[in-house]
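Asks: Okay, handing you the structure first.
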Amino acid sequence: MKFIEKLRDLGVKALVNKTAALNIRETGLPGGNLADRLCEAIEQNKTAVAAALNNADTDMVLLQVLENDPEAVMRGISAAAVALGTENKVLYVPENHPEIAEKVASVAEEYGVTVKCEFVNLRENADTMLIHIATAADLAHAIEGDYTPGVWVSVDGAEVKKVPDGTKLADICDLTGAKGLIAGYVMRPVKDAQLPVEEAGIANGVVRVLREHDCVVAETQKRLLASRARSCGKCVFCREGLIQLEYEHREMTQGRGKPEYIDFTHEIGEAMAYSTPCTMGQNSARIALSAQDSFAGEFEAHIRKKKCPSAACVKLVNIYIDPRTCVGCGKCLEVCPHGCIEGRPGYIHTVDDFDCTKCGECAKVCPNGSLVITTGRVPHTPMRPTKVGRFRD
């Protein structure tokens, strides 16, 4: 193959020097300079090269790099393999995306790359140089002479694109109503939007704006749950740590959080970050630790005040019908999925809070905005059927 021949003609030293001159950074963890990692792998006599996402990557937006340009990824894997003097080349595709593995199989075969649709087992890859899929694409473009420096980023679910170094997060995000950001595996306060992309640690390509209606505690719990679902469960610190962290955060969203959960999170998270061998435990811990460090007030509200400042945790909000504005139209009765609203035409309606799931469907259809969702106390409402306009506080 001409590309492989070109690599061999270039030589290992020239290949490494070319990578070093462009200062290509490894996407994801362990990160660092790609040229340094190549030299280290050569010195350690690594016998294989494998490209993959971080194990902790539950968003998987950087799979778009593979889907959009599979040949670049295969060429990058091949380049690293030539540097190491090995023919053992592997591409790992997450186990829940077999369709992508099938899609790139023919290109992989052309370059002699074995495609595996599975979680990356670090113990089985002790003699393998692991690089990120996006890094493999960058390496290929560097050799071809069309490498563009920057960071792969998807903002609020948009298509992944290269953002030039020096670009601030604030320049690529709509910060209207923002209270913070998720950048990679870190929850950040909104002031960190002034960070340039190369310093923000966007290891999985994800940048998401957290707005006032987003609950940091609930978002953390959701991400910990996703990590639990993806974890291989073979490492005790990761397996048990994720179970405990996700449980504690779920309890907080249900109004059952305890003050000691804050200290427990730091103790468990720091142990996971230090003791787990792959990014699954390390980055899941970073999510929980950074959330508590950057948004301590939200955790305090959930635990001590049993309130969700964002009104997103349904167990910590109240919903009622304002008797002064209700016109008894019955629209809320029609959409309530559990029959939790009582009333008849011309009479003020009321909410049965015992069975109400606080789904908010009633509030969407009320023509007068009489359905109120609040984190505060519910005012006095009618105890018996009362005609519209006749309620007195």
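Asks: Those residues that are of a type in the set (Val, Ile, Thr), at pLDDT below 90 and out of contact with any strand residue (DSSP E or B) (no Cβ under 8 Å at 6 or more places or on another chain), I need them from region 18-47; list them, please.
Replies: Thr19
Asks: Restricting attention to region 215-244, which residues are modelled with pLDDT of 95 or more and not in a helix (DSSP H, G or I)?
Replies: Cys215
Residue-by-condition table, conditions (1) touching a residue at least 12 places away in the same chain (Cβ under 8 Å); (2) surrounded by fewer than 16 Cβ atoms within 10 Å (Cβ to Cβ):
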residue	(1), (2)
Ala312	yes, no
Asp322	yes, no
His349	yes, no
Thr374	yes, yes
Arg392	no, yes
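Asks: Just to be sure, is Gln254 within 14 Å of Arg223 (Cα to Cα), modelled with pLDDT under 95 and not aromatic (Phe, Trp, Tyr)? Write out each step before concluding.
Replies: Numbers: within 14 Å of Arg223 (Cα to Cα): no; modelled with pLDDT under 95: yes; not aromatic (Phe, Trp, Tyr): yes.
For Gln254, the condition - within 14 Å of Arg223 (Cα to Cα), modelled with pLDDT under 95 and not aromatic (Phe, Trp, Tyr) - is not met.
Asks: Working carefully through the options Ala312, Ala288, Ala271, find the one that is outside the structural domain of Tyr247 (by TED's automatic domain parsing) and either closer than 30 Å to His132 by Cβ or touching a helix residue (DSSP H, G or I) at 6+ places or on another chain (Cβ under 8 Å) (or both).
Replies: The match here is Ala312.
Asks: Next question. Check Ala301, Ala291 and return the single one that is within 30 Å of Arg377 (Cα to Cα), surrounded by 19 or more Cβ atoms within 10 Å (Cβ to Cβ) and without any contact (Cβ under 8 Å) to a residue 40 or more places away in the chain.
Replies: Unique residue meeting the criteria: Ala301.
Asks: So Cys362 clears everything in (1) under 24 Å from Val216 (Cα atoms); (2) surrounded by 17 or more Cβ atoms within 10 Å (Cβ to Cβ); (3) in contact with a strand residue (DSSP E or B) (Cβ under 6 Å, 6 or more places away or on another chain) except one condition, right? Which one?
Replies: (1)
Asks: Looking at Ala200, Ala226, Ala218, which is the one that is in contact (Cβ under 8 Å) with a residue 12 or more places away in the chain, more than 29 Å from Gly255 (Cα to Cα) and either not assigned by TED's automatic domain parsing to the domain that holds Thr27 or not polar (S, T, N, Q) (or both)?
Replies: Ala200
Asks: Condition check: buried (at least 17 other Cβ atoms within 10 Å of the Cβ) and on the phi > 0 side of the Ramachandran plot. Does Gly145 satisfy that?
Replies: Details: buried (at least 17 other Cβ atoms within 10 Å of the Cβ): no; on the phi > 0 side of the Ramachandran plot: yes.
Against the criterion (buried (at least 17 other Cβ atoms within 10 Å of the Cβ) and on the phi > 0 side of the Ramachandran plot), Gly145 does not qualify.
Asks: Name the one entry in Lys103, Lys89 that is at pLDDT 95 or above, in contact with a strand residue (DSSP E or B) (Cβ under 8 Å, 6 or more places away or on another chain) and farther than 27 Å from Ala183 by Cα.
Replies: From the options Lys103, Lys89, the qualifying one is Lys89.
Asks: Also, quick follow-up: Only one of Glu110, Glu99 is over 19 Å from Ala35 (Cβ atoms) and free of Cβ contacts under 8 Å to residues at least 60 places away in the same chain. Can you tell me which?
Replies: Glu99
The values are calculated or read from the model by the stated rules, or taken from the named source; none is laboratory data. For clarity, every value in this text was computed on a predicted model and none was experimentally measured. Cβ: placed from backbone, ideal geometry, glycine included. Neighbour counts: every protein chain shown.
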